[in-house]
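Just so it is clear, none of the values below were taken in a lab; they were calculated from the coordinates. Just so it is clear, the model here is predicted, and its values are computed rather than measured. When we count neighbours, we look across all protein chains shown, and the Cβ atoms used for this are built from the backbone with ideal geometry, even at glycine.
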Amino acid sequence: MARHRTGTKFDLEIDRREVPALKTHKMALGEGGTNLFAAGVADMDFKVADVVLEAMQKRLNHGIFGYEAVPDGLLPALCDWQMRRHNWALDAGDILRAPNVLNILAIAASLFTDAGDGVIVQPPVFFDFYDILQENGRQVVPNPLILKNGHYTIDFNGLEELSANPKNKMLYLCNPHNPVGRVWSATELRKLGDICARHNVLVVSDEIHGDITFEGHPYTPFASLGAAYADNAITALSPAKSFNIAACCSAFTVISNAAKRHAFLVENSRLTVNKNNSFASVAMQAAYAAGDDWLDDVLHYISGNLALLRKRLVAFDTVEMIEPQGTFLVWLDFRKLGLTPDGLTGFLRKQAGWAVTRGQAFGQQGESFARLNIACRRAKLDKALDSLETALRNLKA
Ligand SMILES: Cc1ncc(COP(=O)(O)O)c(C=O)c1O
């Protein structure tokens, strides 16, 4: 039965400056940037699901926040979610708790590769991948995605070649891919997994955007492809993006291989990153147990924003949108403007009033691109597009 969609709840204006939200903070906007269209940091401007708020409120009312174990219902709720939404028979015994997704990526690199080893990434890709690897003394080994006719694909020949080098021991996979919005298909993932397995390259799959996909582009958890794929994978999961709870949330490491899981557990213990936050636990459990309707509604709303963006950009004629299959991040191609990367950043900020993420942050392949976060009120996006339109007109003149 078709459910009534209450899109208007996402049109509610909430001033994020009431709390030190990173998106509207000077850390992200720079000095004097507080009035810019804040569309950089990858979270949503929407109030979270009532089921999540109610669970947190109930926990708050309990009034005691001493040390806690993982609630009995949390991992089953996550496993049920994965089966219900993504047809993945996730085994609760394979799951470890983690503070956040980037922490999982960092531990995986430090545990399963040695200093100086190469870790393959597929730029343009989430900038923190570079920072983590550099800070852990690992070599970033780029295997750039191929961009053809506005569509990104994996360079499998490049991957085969780089994987064959014994110094390259790991691949950071972004599934779905931030910033280009590709939701990798099962066929692509299988091909990638086969190459990596053949060359003993461990796949570390960041699936934080997995729940956020558009119609016709189902997310395939890499480890759901079969036992052989799962055995060569470390998966990072989190409801941070899907339920807009990044600041009161933690993450899950999924490792089927028993020896690797044990090693990870020991490392978690060595680093003492094994405490539980009571609010994170209840928020995540409520989201996974009863957040389907809210997520469906928010995806519907974001699709509407995407339709608006698509329509308006066609009229501008100078900015191309890389059609996203998932994520609430849109990769915009400004190459037709002929500006330098810094020139583009300055134009967007000073002329259009946009604080988006500059493309070069995602690797040199991102130069002359920018990443726009569309998880905001539609009216706000529309107004920001008015400003961009005026700025583009002035630039032409
Ligand atoms: C691909 C990807 N991985 C990880 C993160 C951050 O995850 P966490 O806050 O759980 O470390 C982000 C946030 O933007 C992301 O886009």
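Under unit Cβ charges (Lys, Arg +1; Asp, Glu -1), what dipole magnitude, rounded to 20 debye, does the range 35-141 have relative to its Cα centre?
In debye, rounded to 20, the range 35-141 gives about 240.
If you find the alpha carbon centre of the range 289-366 and of the range 92-171, how far apart are they in angstrom?
Comparing the Cα centres of the range 289-366 and the range 92-171, I get a distance of 24 Å.
Expected output is a single nm value to one decimal: the length gained when fully extending between His217 and Gln134, i.e. 0.36 nm times separation in residues minus the C-alpha distance. What is it?
26.6 nm
Kirkwood hydrodynamic radius of the range 138-182 from all distinct Cα pairs, in Å? Before the final figure, lay out each step's value.
Working: mean 1/r = 0.0855 Å⁻¹.
The Cα-based Kirkwood calculation yields 11.7 Å.
Going by C-beta contacts inside 10 Å, put Thr390, Thr213 in order with the fewest on the left.
Thr390, Thr213
Over 20 Å between Cα atoms: which of Lys23/Lys383; Lys350/Lys380; Lys23/Lys47; Lys148/Lys380; Lys9/Lys380 fall into that group?
Lys148/Lys380
Quick check: net charge around Asn373, other residues with Cβ under 10 Å of its Cβ, Lys/Arg +1 and Asp/Glu -1?
Values: positive: Lys23, Arg371; negative: Asp43, Asp45.
Local charge sum for Asn373: 0.
With a cap of 12 neighbouring Cβ atoms within 10 Å, and only residues DSSP puts in a loop, list the GluC sites (Glu not before Pro) found in the range 174-245.
Loop-located and lightly packed - Glu215.
In the range 158-264, which trypsin sites (Lys or Arg not before Pro) fall in coil by DSSP and have 16 or fewer other Cβ atoms within 10 Å?
Those that pass, being in a loop and sparsely packed, are Lys167.
Taking H as built 1.01 Å from N, whose amide H comes closer than 5 Å to the amide H of Asp211, not counting residues under 5 places away?
For Asp211, no residues qualify.
If a helix is a whole DSSP H run, which ones in the chain reach 15 Å or further along their own axis (Cα) and hold a mean Kyte-Doolittle hydropathy of at least 1.0? Walk me through the numbers on the way to the answer.
Numbers: long enough: 50-62 (18 Å, -0.45); 74-86 (17 Å, -0.32); 101-112 (17 Å, 2.38); 186-198 (18 Å, -0.22); 258-270 (18 Å, -0.59); 278-290 (18 Å, 1.02); 292-316 (36 Å, 0.20); 378-396 (27 Å, -0.62).
Qualifying helices, which must be both long enough and hydrophobic enough, are 101-112, 278-290.
What's the local net charge at Val41, with K and R +1, D and E -1, over the other residues with C-beta under 14 Å away?
On the way: positive: Arg16, Arg17, Lys23, Lys26, Lys241, Arg358, Arg371; negative: Asp43, Asp45, Asp128.
With Lys, Arg at +1 and Asp, Glu at -1, the neighbours total +4.
Taking a cut-off of 40 Å, what percent of all Cα-Cα pairs in the chain are separated by more than that?
The answer is 14 percent, as a whole percent.
For Thr390 and Lys47 in one chain, what is 0.36 nm times their gap in residues minus the Cα-Cα distance, to one decimal in nm?
Stretched out fully, the Thr390 to Lys47 stretch lengthens by 120.4 nm.
Excluding Val183 itself, what net charge comes from residues whose Cβ is under 14 Å from its Cβ, given Lys and Arg +1 and Asp and Glu -1?
So the environment of Val183 carries a net charge of -3.
Could you pull out every residue, at least 5 positions away or on a different chain, whose amide H is within less than 5 Å of the one on Gly326? Hs are placed 1.01 Å off N in the peptide plane, and Pro or chain starts have none.
Those lying under 5 Å, H to H, from Gly326 are Val183, Phe214.
Between Arg310 and Phe65, how many nm apart are label points set 7 Å from Cα along the C-beta direction?
Using points 7 Å along Cα→Cβ, the separation is 4.3 nm.
Do the sum for the chain: with -39,500 (n - 2.57) for every DSSP H run of n ≥ 4, divided by all residues, what is the mean residue ellipticity at 222 nm, to the nearest 500 deg cm²/dmol?
Helix contribution divided over all residues of the chain: -12000 deg cm²/dmol.
How big is the range 53-290 by the Kirkwood estimate over distinct Cα pairs, in Å?
18.3 Å is the Kirkwood radius here.
Kirkwood Rh, the range 159-228, all Cα pairs: how many Å?
Taking every pair of different Cα atoms in the range 159-228, averaging 1/r and inverting gives 12.6 Å.
Taking 0.36 nm per intervening residue step and subtracting the Cα-Cα distance, what contour gain separates Asp72 from Asn149 on full extension?
Going from the current span to full extension adds 22.8 nm.
Of the peptides 108-116, 120-128, how do they stack up when ordered by the mean number of other Cβ atoms within 10 Å, highest first?
120-128, 108-116
For the chain, build the charge dipole from Cβ charges (+1 Lys, Arg; -1 Asp, Glu) around the Cα centre, then report which of Ser242, Thr34, Leu295 sits farthest towards its positive end.
Thr34
Roughly what percent of Cα-Cα pairs across the range 257-397 reach past 23 Å?
I get 51 percent for the Cα pairs in the range 257-397 exceeding 23 Å.
Treating only the Cβ atoms of Lys and Arg (+1) and Asp and Glu (-1) as charged, compute the dipole magnitude of the chain about its Cα centre; round to the nearest 20 debye. Each step should come with its number before you reach the end.
Numbers: 41 positive and 43 negative charges, 145 e Å.
In total the dipole reaches around 700 debye.
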